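Asks: Okay, handing you the structure first.
What follows draws every value from the coordinates through simple rules; no lab data is involved. Given the structure is predicted, the values throughout are model-derived calculations rather than measurements. We place every Cβ from the backbone using ideal geometry, glycine too, and count neighbours over all the protein chains shown.
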Amino acid sequence: MKKYWGLLLMFTGLLAKAQVQIQSTIPSVGLVQKNQLWNLVLVNGTGHAIDGRLELLIRDPQSGIELMTAATAGFTLPKGSAQLNVNRLSPIQYNYLGMEPDKTISGLLPAGAYLACYSFVSWQGEKNNLIAEECIRFDVEPLSPPMLMFPADSSVLDIQPAQFTWTPPTPATMFNRLRYEMLVAEIRPGQKPAEALQNNLSFYNTAGIANNLQTYPASLPAFDKEKWYAWQVIARDDKNYAGHSEVWVFKVKEPDHPRIDPIQASFITLGEAGESGNMGVVHGNRLFIKYYSADKEHTAPVRFLTTGNKLMLEVKKEIQYGDNFLSFQLPRAFAPGNTYIVEIIDQRNGSHKALFSINQ
């Protein structure tokens with residue numbers, strides 16, 4: 001007889017399990033509050049009410065690690081369809097294992113991917129029976145991902161950026177240990193910016209950034225002039241993905257050659273190789289020289305000497321083919337009344353000189 005009743009109870013449990021369904025209304029992607037976990041619809045097709053409770057187990061879908069368990073108070077599931085929520089199922093007992101959500105009832109779940117498994121358990125005396133179970137996967141993502149600020153998209157910079165900045169993802173309350181990874185890659189001809197970040201070796205890559213800015217160390221290689229670079233920031237809450245920014249691009253331009261109006265300035269012309277050029281007088285502390293170069297574009301040292309060939313100053317200048325109009329700020333070491341030599345050595349080691357003195 002006992003064996004008969006045991007088989008009957010087992011058959012009844014299997015029948016009930018087939019006739020009770022759990023339907024969750026959690027959004028598949030987006031923000032999720034803790035109380036939204038209990039927005040459920042239970043369908044009881046057994047033809048009679050069932051006393052029981054709901055149990056919840058949340059896991060990491062990749063590793064299977066348990067993150068949180070919860071159990072509701074007991075309630076009666078009537079025949080037909082019943083819409084449940086956190087108020088009807090309270091008090092609810094939570095056990096946090098591998099996550100640290102906001103402990104308030106409406107607190108946001110941390111960003112990440114989750115697998116939530118619900119179980120409806122009834123009891124026959126001291127024995128618990130699993131009546132229904134259902135698992136759903138959902139992703140919690142921020143309302144707004146990190147947003148890049150500087151360098152601005154498609155910006156052409158005079159000097160290389162010393163610092164990269166962005167805004168954090170929002171809302172901030174859904175993150176416990178927010179960290180960033182910043183990626184910079186050179187864009188090759190014919191590539192799109194996103195392709196450059198995905199396929200090219202990173203020009204610069206750093207992770208674990210605690211603040212929403214990153215200083216580019218001066219000790220690292222400089223950005224090549226006139227080359228476009230793509231950059232992006234990825235946010236993580238501890239090890240969980242928390243969103244990524246758009247991909248922006250920038251480049252550092254070649255420095256502009258100083259534009260000097262020959263009409264507004266009095267220039268001293270450097271003599272051809274082997275000649276001394278003309279003698280000029282400098283009024284104040286700014287010297288203007290005119291130099292014709294037969295060489296292609298290059299960098300050349302401009303030397304300032306005393307008439308006794310003592311080196312006073314050496315400055316490197318970008319020299320272009322043809323006429324070059326150059327300007328120099330003379331330091332205080334150049335005394336009024338003295339005569340000095342300005343000299344440029346061309347790429348064939350030829351000397352181009354002129355004499356000048358500083359007016360009292």
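Asks: Please list, or write none, the lysines whose alpha carbon is within less than 20 Å of the alpha carbon of Lys34, excluding same-chain residues fewer than 8 places away.
Replies: Result set, ordered by chain and number: Lys103.
Asks: Suppose a student asked you for the relative contact order of the chain, using Cα pairs under 8 Å spaced at least 6 residues apart; what percent would you report?
Replies: 12
Asks: Related question: Just want to confirm a number: the relative contact order over the stretch 96-213, from Cα pairs under 8 angstrom separated by 6+ residues, in percent.
Replies: Worked out over the stretch 96-213, it gives 21 percent.
Asks: Got the relative contact order for the stretch 43-109 handy, in percent, Cα pairs under 8 Å and 6 or more residues apart?
Replies: Reported as a whole number, the value is 33 percent.
Asks: What list do you get for Ser357, Ser154, Ser219, Ser119 if you sort them by fewest beta carbons within 10 Å?
Replies: The most exposed by this proxy come first: Ser219, Ser154, Ser357, Ser119.
Asks: With charges set only on the Cβ (+1 for Lys and Arg, -1 for Asp and Glu), what does the dipole of the stretch 147-252 come to about its Cα centre, in debye to the nearest 20?
Replies: About 160 debye.
Asks: Give the lysines reachable from Lys127 as a straight Cα distance under 23 Å; neighbours fewer than 8 places away on the same chain don't count.
Replies: The qualifying lysines are Lys2, Lys3, Lys17, Lys79.
Asks: Which entries of Lys251/Lys316; Lys317/Lys353; Lys192/Lys225 show an alpha-carbon separation above 22 angstrom in the structure shown?
Replies: Lys251/Lys316
Asks: Once both labels are modelled 7 Å past Cα along the beta-carbon direction, what's the Arg188-Asn338 spacing in nm?
Replies: Here the answer is 5.6 nm between the modelled labels.
Asks: Using the beta-carbon distance between Asn176 and Lys316 and R0 = 51 Å, what value does 1/(1 + (r/R0)^6) give for FRET efficiency, to the nearest 0.05?
Replies: Step by step, r from the Cβ atoms, then E = 0.45.
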